[in-house]
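The values are calculated or read from the model by the stated rules, or taken from the named source; none is laboratory data. What you see is a predicted model, and the numbers here were worked out from it, not measured in a lab. Glycine gets a Cβ as well: all are built from the backbone with ideal geometry, and neighbour counts include every protein chain shown. To get the accessible areas, we keep the full protein, side chains included, count just its heavy atoms, and leave off ligands, DNA and RNA. Shrake-Rupley method; radii C 1.70, N 1.55, O 1.52, S 1.80 Å.
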Amino acid sequence: MPGGNSTFDLVIIGGGPGGYTAAIRAAHLGIKTALVEKDKVGGTCLHWGCIPTKVLLHSADLYTRFLRAKEFGIIVDKVEISYTQLHRRKEDVVNRLFHGVQFLLKKNRVEVFQGEGHILSPNSVLVKKDETDVHRITAKNIILATGSVPSIPSNIPHESNYVLTSNDILLSKEIPKSIIIAGGGAVGIEFAYLFNILGSRVTILELFDEILPAEDKEISSTLRKIFHKRGIEIRTNTSLEKVTIDNGVVVEIKRKDGILPSPTATGNQEFIKADQLLLALGRNPALTNIGIEKLPLTYQGKYLQTSEVMETSQSGIFAIGDITGPPLLAHKAFHQGTRAVSYLAGKETTPMNYQSIPAVTYCSPQVASIGLTQEEAEKRGHKIRIGKFPLLANSKAIIDGEFEDGFFKIISDDKYGEILGVHALGHNVGELMWGMSLASILEGTASELTDVIFPHPTLSEAILEAAHAVIDKPIHV
């Protein structure tokens, strides 16, 4: 029998970005809230994803800046990387933010239960720890925020010294001489950039015909050219067939279009070897062993389907974050969580505008976007106008020395001028995407963007110039 029983207005299963944000907002709104977390509050984003990877990537960015110090009039005798110190700082940053989340939950009187949450009924959750029932929670409503886990194909051996997930590689204290990265999405690209800077020989395998396949093709192809110049080998239209561990990894790959991958290949198959293989093949929703099997829930593919207020087909049970489907982003989970608890508090809520969710890939140059790609807009039948502006003509990018092939691209509806998508490649362009998200939510037009006064000199002026390019001509090209 459970060691105790408690009654709450709301119980949230999962203390990641969506879960802990929802818990804090619920407390603000006077909802008595319990949060169940099996590991550490903060979830994958804080401990295994967004935060630790960006700490390492920031160090890589600083290292490359130091290598170019003479260009900026600064003389540096010797620049070296201490991978041990990089990891130490990563842990320091994660711990600081982790303690911050713990403090906020305590400050707002959210009761945190350590253990795995299992739904017994639409109003009852059992907390288990080490296979032992430790607590039973009764609540009016339940929010599922259990997140996702790295995808590992059943035919690929997972051996954390040689075949690693994104979780495993964050624990590795040595820089591999060579690494194969299976998957050219955001996670794969970020690690490819990092290990290339650290001196590894990097090979990317991507099933689709371009890296970052969800991004605008013009952006992806430009980044591919930049990576190629840096010595990163990229194999597109290529599938991972088999992995053998032999003092490293031997990977069998296959071109899906039948083209010979290399002159030495047999048929359309080839074997390549490296010290390590990183699996960056996406993530699966963490929906097993939480007691939902007997509930009348509706799915869209492998993800839970929800209403505009994040309620599932089972009344009183809500779902937020990665378990609700792409994009699998922390800031989407934040927003879904606050939307759900606002509804529970009786507050007026507006439907989420999923087209306005920004996406950022934190390589250098960064890739950032909102809305439709050019290909998506054309496929949906939009007659479009496109405006582009190169960072080579932006004064702040030139001052910073960060303009390599970068540009802004705005896609707008030809008839009404409404902004359908914004795509950027450049240094820290992700910092500007909140403004583009606001423009999208307000159904802004390129013409209205040209009426905005941007400070000079800033990178943001490239947005103004791209907007001018949509309706007429940019000023500075």
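Using the structure shown, decide if R109 is more than 20 Å from T361 (Cα to Cα) and open to solvent by 50 Å² or more (accessible area, probe 1.4 Å). It is true that R109 is more than 20 Å from T361 (Cα to Cα) and open to solvent by 50 Å² or more (accessible area, probe 1.4 Å). Residues that are outside any helix (DSSP H, G or I), open to solvent by 40 Å² or more (accessible area, probe 1.4 Å), under 29 Å from A319 (Cα atoms) and not β-branched (V, I, T) are absent from segment 368-379 altogether. Of all the numbered requirements in (1) under 22 Å from L432 (Cα atoms); (2) open to solvent by 10 Å² or more (accessible area, probe 1.4 Å); (3) at pLDDT 95 or above; (4) within 25 Å of the chain's Cα centre (by Cα), Y354 misses one, and that requirement is (3). Among the residues of segment 333-345, is any crowded, with 17+ Cβ neighbours inside 10 Å and part of a loop (DSSP other than H, G, I, E, B)? Within segment 333-345, not a single residue is crowded, with 17+ Cβ neighbours inside 10 Å and part of a loop (DSSP other than H, G, I, E, B). Candidates are the residues of segment 143-157 that are more than 17 Å from the chain's Cα centre (by Cα) and of a type outside the set (A, V, I, L, M, F, W, C); the one that is surrounded by the fewest Cβ atoms within 10 Å (Cβ to Cβ) is S154. Which pairs turn up if I take residues in segment 409-432 that are closer than 13 Å to G387 by Cβ and look for partners that are assigned to a helix (DSSP H, G or I) and not aliphatic (A, V, I, L, M) with beta carbon separation below 7 Å, at least 6 apart in sequence or on another chain? Pairs that qualify, where the first residue is closer than 13 Å to G387 by Cβ and the partner is assigned to a helix (DSSP H, G or I) and not aliphatic (A, V, I, L, M), are K409/E218; I411/Q374; G417/S447; I419/S440. Note on segment 225-251: residues that are buried (at least 17 other Cβ atoms within 10 Å of the Cβ), within 17 Å of I197 (Cβ to Cβ) and not aliphatic (A, V, I, L, M) total 1. For segment 158-208, the set of residues classified as touching a strand residue (DSSP E or B) at 6+ places or on another chain (Cβ under 8 Å), open to solvent by 60 Å² or more (accessible area, probe 1.4 Å) and either under 19 Å from Q366 (Cα atoms) or modelled with pLDDT of 95 or more (or both) consists of Y162, K177, R201, L207, listed by residue number.
When G291 is tested against the conditions (1) open to solvent by less than 50 Å² (accessible area, probe 1.4 Å); (2) within 24 Å of the chain's Cα centre (by Cα), the lone failure is (2). Out of L194, L207, one residue alone is aliphatic (A, V, I, L, M) and part of a loop (DSSP other than H, G, I, E, B). It is L207.
The set of residues in segment 297-332 that are surrounded by fewer than 16 Cβ atoms within 10 Å (Cβ to Cβ) and farther than 25 Å from I31 by Cβ comprises T298, Y299, Q300, G301, K302, P326, P327.
Is it fair to say I74 is under 27 Å from N167 (Cβ atoms) and over 27 Å from the mean Cα position of the chain (by Cα)? In short, no. Residue check: V360 meets all listed conditions (1) open to solvent by less than 20 Å² (accessible area, probe 1.4 Å); (2) among the hydrophobic types (A, V, I, L, M, F, W, C); (3) assigned to a strand (DSSP E or B); (4) under 15 Å from A214 (Cα atoms) but one, namely (1).
Test K254 against the criterion of being modelled with pLDDT under 95, in contact with a Ser or Thr (Cβ under 7 Å, 6 or more places away or on another chain) and open to solvent by 20 Å² or more (accessible area, probe 1.4 Å), and give yes or no. When the stated conditions are applied, K254 passes them. Return yes or no: is L67 buried (at least 22 other Cβ atoms within 10 Å of the Cβ) and out of contact with any His (no Cβ under 9 Å at 6 or more places or on another chain)? No.
Right, I475: open to solvent by 40 Å² or more (accessible area, probe 1.4 Å) and over 30 Å from R68 (Cα atoms) or not? Criteria met by I475.
Scanning segment 409-429 for residues that are on the phi < 0 side of the Ramachandran plot and open to solvent by 20 Å² or more (accessible area, probe 1.4 Å) turns up D413, D414, K415, Y416, E418, H427. Scanning segment 387-403 for residues that are surrounded by 17 or more Cβ atoms within 10 Å (Cβ to Cβ) and hydrophobic (A, V, I, L, M, F, W, C), we see that the one that is farthest from E465 (Cα to Cα) is F403. Residues of segment 94-115 that are touching a residue at least 40 places away in the same chain (Cβ under 8 Å) and assigned to a helix (DSSP H, G or I): V94, L97, F98, V101, Q102, L104, L105. Return yes when I156 is assigned to a loop (DSSP other than H, G, I, E, B), in contact (Cβ under 8 Å) with a residue 40 or more places away in the chain and within 18 Å of A286 (Cα to Cα) and no when it is not. Here the answer is no, as I156 does not meet what is asked. Just one of the numbered conditions (1) open to solvent by 20 Å² or more (accessible area, probe 1.4 Å); (2) in contact (Cβ under 8 Å) with a residue 60 or more places away in the chain is not true of P365: (1).
Every residue, every condition in (1) at pLDDT below 95; (2) of a type in the set (D, E, K, R); (3) open to solvent by less than 10 Å² (accessible area, probe 1.4 Å); (4) within 14 Å of V127 (Cβ to Cβ), yes or no:
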| site | (1), (2), (3), (4) |
| --- | --- |
| G3 | yes, no, no, yes |
| L10 | no, no, yes, no |
| A22 | no, no, yes, no |
| I31 | no, no, no, no |
| S59 | no, no, no, no |
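Listed by position, the helices (runs of 4 or more DSSP H) inside segment 1-93 whose residues that are over 30 Å from I137 (Cα atoms) number at least 2 are 50-67.
Kindly indicate whether G406 is in contact with a strand residue (DSSP E or B) (Cβ under 7 Å, 6 or more places away or on another chain), surrounded by 19 or more Cβ atoms within 10 Å (Cβ to Cβ) and farther than 20 Å from D472 by Cβ. So G406 passes the test.
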